[in-house]
1. Would you calculate, for the chain, the mean residue ellipticity at 222 nm contributed by helices, counting each DSSP H stretch of 4 or more residues as -39,500 (n - 2.57) and dividing by all residues, to the nearest 500?
2. For the range 8-169, evaluate the Debye formula with one uniform point scatterer on each Cα (no solvent term) and list log10 I(q)/I(0) at q = 0.09, 0.13, 0.16 Å⁻¹, rounded to two decimals.
3. With a 1.4 Å probe and all protein chains left in place, how much accessible area per residue does the range 173-357 have, in Å²?
4. Suppose all protein chains stay in the model; what accessible area per residue would a 1.4 Å probe give for the range 8-169, in Å²?
5. Using a 1.4 Å probe over the heavy atoms of the protein chains, calculate the carbon and sulfur portion of the accessible area of the chain as a whole percent.
6. Please arrange Arg149, Arg76 by accessible surface area, largest first, computed with a 1.4 Å probe and ligands excluded.
7. Label-point separation (nm) for Lys8 and Ser332, each offset 7 Å from Cα along Cα-to-Cβ?
8. From the Cα gyration tensor of the range 173-357, with a ≥ b ≥ c the square roots of its eigenvalues, which class applies: rounded if a/c is under 1.5, or else prolate if a/b is larger than b/c, or else oblate?
Amino acid sequence: MGFYMPTKVLYGRDIVSKNRELIQSLGDTYLIVSGKSSKKNGSLDDTLDVLDGKHYYIFDETPENPPLEIVEFIARKYSDADVVIGLGGGSPMDTAKAVAVLLENPSLKPEELYEKDKYGSAKPIICIPTTAGTGSEVTQYSVLTVNGRKKGFSHECIFPKIALIDYKYTVTLNKELTISTALDALSHAVEGYISRKATPFSDALALESIRTINSYLPKLLDDPDNEYYRERIMFSSTLAGMVIAQTGTTIAHALGYSLTTEKGVKHGLATAVFLPYELKMALTESKDKVEEILRIFNGSLEEFYELLGVSLSVEISDEDIENWSKIVSNASHIAVTPGKYDLEEIKHAYIEIKEKYLI
Ligand SMILES: [Fe+2]
């Protein structure tokens, strides 16, 4: 049992501006990987301000669920960058991590990112999250899309060197994104808490994260400009990221991936709808932990979802369920998820969310 998370975490309002020297000390040529929203939420201006005097590039067209091809494109185009900044939600941060590996290892083919023995280092990575949910700023994971499927890789060398976490960038998030990203954080905390790889260290962080989301997410949705509520959800998200850095995610993530890649459901929502089923299935093996979680939600996670208005407006056919279940049955997540998951139980997970959340 242990705990490993080598990222320097710097947290608080205006944290980017307060760390100009540290950020400038990492290299000479910086590559900022972001999406379009970084202009709107002020994070790009803050980052450019602290890079004043340095050479930098901006790639601000990272798509949602970034494909491997975009990683290759960015690494080729900005091959002389020696520091990579992931600025945004999970997509820019995960892209930045993969690009940092390719820049450090120019002969590595993009598909070899998934063969961790083929490389051992990456260019220094700075992550600046602008959503509260992914936790990617404190993990060794990068989830990309390969041949239409979400596929993550994990390597110690892609733990960011520095995470600069400022909740003020999340104030402009709309309600839909606020909920879906917070539900991603909730999924990380719940999945990590019941994971077979959980430790007392990760459990302490997971419980704090779950409790904080339960207390503050409904309040935040009622008062989206409230900076204290925004800070609480950002804090929960980073805690949940530290949890999965130890435990990985479990089956709810594997079940949700197809909903995202094939039906366009936002990642956090696509994952969270499976948590009630995952908890039910975990009862045989981790009863105390499941009960602990349910106690936090006054006995029912589903009622918490009702309060938030969680629903899915997609169509799911029997054929979809057949295909997706086969994919999940081969997922590595099953080995760390409490409970027994044969093809039938996996299909049931999809049938259940169809009955409960489809509108
Ligand atoms: Fe996630």
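1. Details: 14 runs with 182 residues, N = 359.
Result for the chain: -16000 deg cm²/dmol, rounded to the nearest 500.
2. -0.24, -0.51, -0.80
3. I get 40 Å² per residue for the range 173-357.
4. Computed with neighbouring chains in place, this is 40 Å² per residue.
5. Carbon plus sulfur share of accessible area: 48 percent.
6. Values: Arg149 135, Arg76 175 Å².
Largest accessible area first, the list is Arg76, Arg149.
7. A separation of 3.0 nm, rounded to one decimal place.
8. Oblate, because a/c is 1.5 or more while a/b does not exceed b/c.
The values are calculated or read from the model by the stated rules, or taken from the named source; none is laboratory data. This is a predicted model, so every value here is computed, not measured. All Cβ positions, even for glycine, are placed from backbone atoms using ideal geometry, and neighbour counts span all protein chains on display. The protein model used for the area step is the full one, side chains on, heavy atoms only, and it has no ligands, DNA or RNA in it. Shrake-Rupley method; radii C 1.70, N 1.55, O 1.52, S 1.80 Å.
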